[in-house]
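S.K.: Sharing a structure with you now.
The values are calculated or read from the model by the stated rules, or taken from the named source; none is laboratory data. Not measured: the values here are computed from a predicted model. Note that we place each Cβ from the backbone using ideal geometry, even for glycine, and neighbour counts take in every protein chain shown.
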Amino acid sequence: MSVSDELDRLGVAPAGRDAVLPYAVEPLDVRGRAVMMGPVLDTILKRHAYPAPVSRLLAEAATLVSLLGTSLKFEGRFTLQTTSDGPVSMLVVDFATPDGLRACAQFDEDAVRQAEAEGKADSASLLGKGHLAMTVDQGAAMNRYQGIVALDGASLEEVAHRYFAQSEQIPTVVRLAVGEVLDRREGSAPSHAWIAGGVLAQFLPEAPERMRQPDLAPGDAPEGAEVAQHDEDDAWTEARALVETLRDDELTDPAITAEQVLYRLFNERGVRIFEPQPLADRCRCSDERIRAMLKGFTDEERADMTVDGRIEVTCRFCNTRYDYSADEV
């Protein structure tokens with residue numbers, strides 16, 4: 001019996017594209033989320049019309065943010081931002097609860113073209129050296145939380161692992177993959193669409209024998225003290241190894257669902273899935289926000305923005321243009 005047939009027998013309806021699927025593998029004390037991204041991601045990337053290597057990198061970041069942002073249990077925002085010296089100098093992906101996703105990039109087009117020609121268009125080469133910040137904003141009345149990790153020639157997957165090891169101290173494994181779908185229907189021009197997939201697993205033990213105090217990093221230990229080392233739990237070793245078996249084509253095949261991926265990984269241990277959390281292409285810009293921003297500038301600053309008596313603002317996330325007469329603001 002195929003995985004699809006078995007899921008049908010169990011009455012499991014697929015979450016579909018652009019929905020994050022929370023899951024738990026209780027025998028391994030593992031919890032996580034899986035996502036298969038489609039039209040929402042494709043709409044965001046096509047709006048910007050970035051070069052393919054930039055779109056691919058931004059898609060990886062958007063997939064990672066989708067997995068992390070949907071874990072927020074309160075009204076707020078989760079933002080990933082990179083600042084680096086590579087051809088892609090900045091990525092910004094922003095998730096606003098409950099489902100709003102937006103993303104943009106800043107890059108040197110000539111440098112990206114050269115990197116592509118030299119076969120150095122992987123995420124590590126495009127980012128170069130710098131840092132990645134992940135920020136959780138719980139609203140005006142609450143403090144923001146930010147974790148920062150270095151970018152030094154590593155992929156986004158590797159950087160995510162470092163972030164959780166340093167900032168969260170939660171054993172975590174992440175797999176991300178981005179693909180392109182070409183539809184060659186007879187009588188029409190080939191159409192192109194971006195898709196992506198990702199799985200995140202975290203070791204969150206509740207059993208007393210599996211709960212451990214987080215290890216101190218060498219920089220946190222008192223001078224001269226030995227840093228405690230612990231053997232890795234067998235349950236986490238198994239879970240991590242299973243997730244690492246995921247191939248890119250499994251995460252980017254339009255015919256494979258998130259449920260099928262999770263069943264393939266964890267069916268022998270038993271995996272529970274929960275209510276899917278949909279994603280939407282949603283920007284937070286508005287006429288009211290733009291007017292408030294412009295009114296916050298000085299008269300001299302607004303004068304510098306004015307061309308032929310008008311001020312034009314374009315949202316870098318959704319490319320919406322706002323046009324005002326100078327007298328209005």
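S.K.: Output the residue which, of all residues in the range 137-195 that are under 22 Å from TRP236 (Cα atoms) and among the acidic types (Asp, Glu), is surrounded by the fewest Cβ atoms within 10 Å (Cβ to Cβ).
M.R.: Going through the qualifying residues, I end up with GLU168.
S.K.: A further question follows. Please work out which one of (1) more than 23 Å from ASN143 (Cα to Cα); (2) touching a strand residue (DSSP E or B) at 6+ places or on another chain (Cβ under 6 Å) is the condition GLY86 fails and give its number.
M.R.: (2)
S.K.: Out of curiosity, is ALA160 without any contact (Cβ under 8 Å) to a residue 12 or more places away in the chain, in the same structural domain as LEU67 (by TED's automatic domain parsing) and closer than 17 Å to LEU57 by Cα?
M.R.: Values: without any contact (Cβ under 8 Å) to a residue 12 or more places away in the chain: no; in the same structural domain as LEU67 (by TED's automatic domain parsing): yes; closer than 17 Å to LEU57 by Cα: yes.
Criteria not met by ALA160.
S.K.: Filter the range 251-289 for residues that are touching a residue at least 60 places away in the same chain (Cβ under 8 Å) and in a helix (DSSP H, G or I) and give the result.
M.R.: LEU251, THR252, ALA258, GLU259, GLN260, VAL261, LEU262, TYR263, ARG264, LEU265, PHE266
S.K.: Only one of GLY130, GLY100, GLY86, GLY69 is within 22 Å of GLN277 (Cβ to Cβ), surrounded by 15 or more Cβ atoms within 10 Å (Cβ to Cβ) and touching a Ser or Thr at 6+ places or on another chain (Cβ under 8 Å). Can you tell me which?
M.R.: GLY69
S.K.: Does SER325 meet the test of being closer than 22 Å to ARG102 by Cβ, small (Gly, Ala, Ser) and either in the same structural domain as VAL65 (by TED's automatic domain parsing) or over 21 Å from the mean Cα position of the chain (by Cα) (or both)?
M.R.: no
S.K.: Sticking with this structure for a sec: On the given criteria, is VAL181 modelled with pLDDT of 95 or more and either in a loop (DSSP other than H, G, I, E, B) or aliphatic (A, V, I, L, M) (or both)?
M.R.: Criteria not met by VAL181.
S.K.: Which of the numbered conditions does GLY119 fail, given that it passes all the others? Conditions: (1) buried (at least 17 other Cβ atoms within 10 Å of the Cβ); (2) on the phi > 0 side of the Ramachandran plot.
M.R.: That leaves (1) as the condition not met.
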